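Contents: one structure, followed by commentary.
The values are calculated or read from the model by the stated rules, or taken from the named source; none is laboratory data. Because the structure is a prediction, the values reported are computed rather than measured. Positions of Cβ are generated from backbone atoms using ideal geometry, with glycine treated the same way; all protein chains shown enter the neighbour counts. Quick note on the areas: whole protein, heavy atoms, side chains included, nothing else; ligands and nucleic acids left out. Shrake-Rupley method; radii C 1.70, N 1.55, O 1.52, S 1.80 Å.
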Amino acid sequence: MGDPRGFIKYSRKNNPVRPVMQRIKDFDVMELDLDDADRREQAARCMNCGIPFCHHGIFYGGGRAVSGCPNDNLIPEWNDLVYRNRDRQAFERLTRTNYLPDMTGRVCPAPCEAACVQALNGPGITIRNNEKFIIEQAFKNGWIVDSGKPQHRTGKKIAVVGSGPAGIAAAWRLNQLGHSVTIFERDDRFGGLLMYGIPNMKLDKKIVERRFQALREVGIKLVNNTEVGKDISVAELRKAFDRIVLCTGSRQARDLDVPGRELGGIYQAVDYLTLATKSVLENGTSATDALKGKHVLVLGGGDTGNDCIGTVIRQGAAGVTQLEIAPELPHERTATNQWPEWPMVQKNGYGQQEARALFGDITEYTATATGFFGDHGQVNEVEISTTDHFKPVNGSQRRVKADLVLLAMGFTGAEQWLFDNFGITKVNKNYTTNDSQVFVAGDCRRGPSLVIWGVFEGRSCAEKVDASFEVLESVEQSV
């Protein structure tokens, strides 16, 4: 710890965010950066707490809870190095565990900050912002590629299917270990939900593209517009590669089986966000009038629903209604939700803040859609009902105007057809499967989760894949 009184001398200072009425005029990034001196002061606030809950994660009942970093990032160490102006060492320390701080430093909800010892009686350390600073220093000074190049090549070839956080992390680590890696991505651009599931104002797509350029420079081959099992067969993949790592995400979106679901104008949230991002990439970041005069209903109160709200506002929507099937969370911690657990309290996302500035309070809790209505095959009204224990209450139905409905109700798991094509009937906790050639990591193994969990899964899976070659060589030698 560089400054033993840093947490007393300096108040927490977050990265500034552009004002609401300014930022809704474009899809440019909302969050700005502190200057160098302020950032090092923020790093100095990391105290010698003895037990750094931030980077250990808390265990309950044998499983990791959502308190602390699930990736075991060495947070106090690189905070101290930032304070001391030793940025190269901070980068090396940070990337021992986190291969994607350029993503987590922008979009992670930072469970590490909630578990920070300072958060017991204060606002905690700006860990996420500090992480972003370190990786930007690394890109600026050309440290990234050197850190990813292997010292030797093993001659082993590995296919990684999917280019989201788990796929990137697995490929990066496998390449560091000397294996020749090819990433297969079915979309036209790489990144999975980093590219098409998170809007540009939250994660600039130039940042995502920059990361894939780094992957190319360290020797990883990238193949897009190629869906395994369709554009390239499972048999071809098995023949060409020694190991296959499936990192296809949890893309099976939860649907709503109510009358009128077949009407046009009802989209899964990720499908809509994909179209919106493609428009930004093709036409620029200025706000549009694509939804001028249109009323939008968003089903779901999580991050994806919030992203949908922010996006429709930038497309000129005339009004937004958001439904959350669960009750509103308390505004302060309850007695059963104390530090260092993740605070289960009500939060307003950037999209909700923007919508309230324009339209007032838009969010209804304990409510869901029970029917869709329209003319000429296009939705124009939605029947909504109050819920009790997630079930509609009879007699509570009413209708609201909606020309566009976005289903942001989360994901139920991986797309099973690819697993069936590979003959995968069992996926183990250690990333292995019933097939010794095939490994599974990320959301398609553990279910929908955070970017940082994807990094942890990809990194851990890569180590398991690497060890599998050692086991094979040991068996061959014994024979």
**Prompt:** When segment 5-18 is examined, which residues are found to be open to solvent by 80 Å² or more (accessible area, probe 1.4 Å) and either assigned to a loop (DSSP other than H, G, I, E, B) or touching an Asp or Glu at 6+ places or on another chain (Cβ under 6 Å) (or both)?
**Reply:** ARG5, SER11, LYS13, ASN14, VAL17
**Item:** Conditions (1) part of a loop (DSSP other than H, G, I, E, B); (2) modelled with pLDDT of 95 or more; (3) among the acidic types (Asp, Glu): number failed by ASP72
**Value:** (2)
**Asked** Which residue out of LYS221, LYS230 is in contact with a Lys or Arg (Cβ under 9 Å, 6 or more places away or on another chain) and open to solvent by 30 Å² or more (accessible area, probe 1.4 Å)?
**Response** LYS230
**Complete:** If we ask which residues in segment 13-43 are more than 22 Å from THR288 (Cβ to Cβ), over 25 Å from the mean Cα position of the chain (by Cα) and touching a residue at least 12 places away in the same chain (Cβ under 8 Å), their number turns out to be 3
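So which of LYS464, LYS429 ends up being part of a helix (DSSP H, G or I) and open to solvent by 30 Å² or more (accessible area, probe 1.4 Å)?
Working: LYS429 fails: part of a helix (DSSP H, G or I).
Answer to the check: LYS464.
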**Message:** Looking only at segment 432-452, filter to residues that are part of a helix (DSSP H, G or I) and of a type in the set (D, E, K, R); which one of those is most open to solvent (accessible area, probe 1.4 Å)?
**Reply:** ARG446
**Request:** List every residue pair whose Cβ atoms sit under 8 Å apart, with the two residues 6 or more apart in sequence or on different chains, where the first one lies in segment 397-426 and is under 23 Å from SER449 (Cβ atoms) and basic (Lys, Arg) and the second, anywhere, is open to solvent by 10 Å² or more (accessible area, probe 1.4 Å) and not in a loop (DSSP other than H, G, I, E, B).
**Result:** LYS426/THR433
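Considering only segment 281-371, give the strands (runs of 3 or more DSSP E) lying wholly within it that have at least 1 residues that are open to solvent by less than 10 Å² (accessible area, probe 1.4 Å) and either modelled with pLDDT of 95 or more or not β-branched (Val, Ile, Thr) (or both).
Values: elements: 295-299, 319-324, 363-365.
Of the strands (runs of 3 or more DSSP E) lying wholly inside segment 281-371, those with at least 1 residues that are open to solvent by less than 10 Å² (accessible area, probe 1.4 Å) and either modelled with pLDDT of 95 or more or not β-branched (Val, Ile, Thr) (or both) span 295-299, 319-324.
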**Complete:** Residues of segment 382-426 being touching an Asp or Glu at 6+ places or on another chain (Cβ under 8 Å), part of a loop (DSSP other than H, G, I, E, B) and surrounded by fewer than 19 Cβ atoms within 10 Å (Cβ to Cβ), in sequence order, are GLN397, GLY423, ILE424
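Suppose the filter is open to solvent by less than 60 Å² (accessible area, probe 1.4 Å), under 21 Å from the mean Cα position of the chain (by Cα) and within 25 Å of LEU174 (Cα to Cα); does GLY192 pass it? Walk me through it before giving the result.
On the way: open to solvent by less than 60 Å² (accessible area, probe 1.4 Å): yes; under 21 Å from the mean Cα position of the chain (by Cα): yes; within 25 Å of LEU174 (Cα to Cα): yes.
When the stated conditions are applied, GLY192 passes them.
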**Message:** Looking only at segment 96-117, how many residues end up being part of a helix (DSSP H, G or I) and open to solvent by 20 Å² or more (accessible area, probe 1.4 Å)?
**Reply:** 4
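Assigned to a helix (DSSP H, G or I), aromatic (Phe, Trp, Tyr) and closer than 23 Å to VAL181 by Cα: which single residue out of PHE91, PHE139 fits that description?
PHE139
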